[in-house]
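The values are calculated or read from the model by the stated rules, or taken from the named source; none is laboratory data. Worth saying up front: this structure is predicted, and the values here are computed from it rather than measured. Counting neighbours? That spans all protein chains shown, and the Cβs are built from the backbone with ideal geometry, glycine included. To get the accessible areas, we keep the full protein, side chains included, count just its heavy atoms, and leave off ligands, DNA and RNA. Shrake-Rupley method; radii C 1.70, N 1.55, O 1.52, S 1.80 Å.
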Amino acid sequence: AEPAPPVTDYVGPRLGADALLKLVWLAGGCALAAALIVLNGAMYFRLRGSRRRLELPGASRRVYLADNLPSPCVFGIISPAIYLTPAALETPERAEMVLLHEQTHIRHGDHVWALLRCALLCVYWFDPFVWLAAYLSRRDAELACDESCVRRLGVEKRFDYGGAIVD
């Protein structure tokens with residue numbers, strides 16, 4: 001018996017345009033999520049390695065001094081902590097204003113909104129308007145925080161507050 005001739009016209013399963021687009025969307029979202037996880041993980045280990053606990057009057061959360069930060073920040077979702085820079089502690093007034101600013105971010109839930117922004121960016125990574133909305137949302141959070149702090153400190157201290165935050 002002669003062997004059967006080889007089949008040359010077999011074409012494997014084809015990927016339709018719909019399936020290809022879903023695959024690209026999923027790959028982009030997973031890549032962005034992985035990048036955000038790596039960046040936040042690196043920040044976590046950088047903060048853990050260099051922080052020193054501070055006891056500041058009026059602090060409602062854990063406060064740490066971190067030498068390797070460009071500016072004070074809040075880090076964490078479930079139990080957020082405040083990280084200050086040496087420049088934020090130059091004077092007691094500046095430390096009070098910066099601490100008020102960071103505590104206001106926590107009171108407004110800005111750390112949770114940041115997580116939601118990241119999740120939405122991972123889902124809608126391909127849409128430039130979502131990137132713009134995330135940028136504007138972050139900016140609005142800063143402006144709302146500043147407005148709340150100035151209202152709490154009083155209008156007469158707004159220039160001192162602005163100087164403390166900019167410095």
Worksheet item: Expressed as a whole percentage, what fraction of the accessible surface of the chain belongs to carbon and sulfur atoms when a 1.4 Å probe is rolled over the protein heavy atoms?
Response: 65 percent
Worksheet item: Based on the Kirkwood radius over alpha-carbon pairs, what value in µm²/s does the Stokes-Einstein equation return for the translational diffusion coefficient of the chain at 25 °C and 0.890 mPa s?
Response: 128 µm²/s
Discussion item. Quick one: 3J(HN,Hα) in Hz for the stretch 141-146, Karplus 6.51/-1.76/1.60 with θ = phi - 60°, rounded, Gly and Pro as x.
Written reply: 4, 5, 5, 5, 5, 4
Discussion item. What is the sum of charges, Lys and Arg at +1 and Asp and Glu at -1, for the other residues whose Cβ falls under 9 Å from the Cβ of residue 64?
Written reply: +4
Worksheet entry | For the stretch 1-98, diffusion coefficient by Stokes-Einstein and Kirkwood Rh (Cα), 10 °C, 1.306 mPa s, µm²/s | 88 µm²/s
Fill in: Pair residue 89, residue 22: separation of 7 Å Cα→Cβ label points (nm)
5.4 nm
Practice prompt. Starting from the Cα coordinates of the stretch 84-167, work out the convex hull volume and express it per residue in Å³.
Written response: 96 Å³
Worksheet item: Per the helix-only calculation at 222 nm, which mean residue ellipticity applies to the chain, given -39500 (n - 2.57) for every DSSP H run of n ≥ 4 and division by its residues, nearest 500 deg cm²/dmol?
Response: -20500 deg cm²/dmol
Response to the item:
In the stretch 1-93, the chymotrypsin sites (Phe, Trp or Tyr not before Pro) that sit in a DSSP loop and have at most 11 other Cβ atoms within 10 Å of their own Cβ are 10
Item to complete: Compare 112, 74, 24 in a GNM of the chain, Cα atoms joined below 10 Å, and give the one with the largest fluctuation.
Response: 24
Item to complete: Determine ³J(HN,Hα), in whole Hz, for all residues of the stretch 160-167 in sequence, where each value follows from phi through the Karplus function 6.51 cos²θ - 1.76 cosθ + 1.60 and θ = phi - 60°; x replaces Gly and Pro.
Response: 4, 4, x, x, 5, 6, 5, 5
Worksheet, complete the sentence: When all Cα-Cα pair distances of the stretch 113-157 are considered, the percent exceeding 15 Å is 51 percent
Discussion item. Among DSSP bridges having both ends in the chain, what percentage is antiparallel? Round to the nearest 5.
Written reply: 70 percent
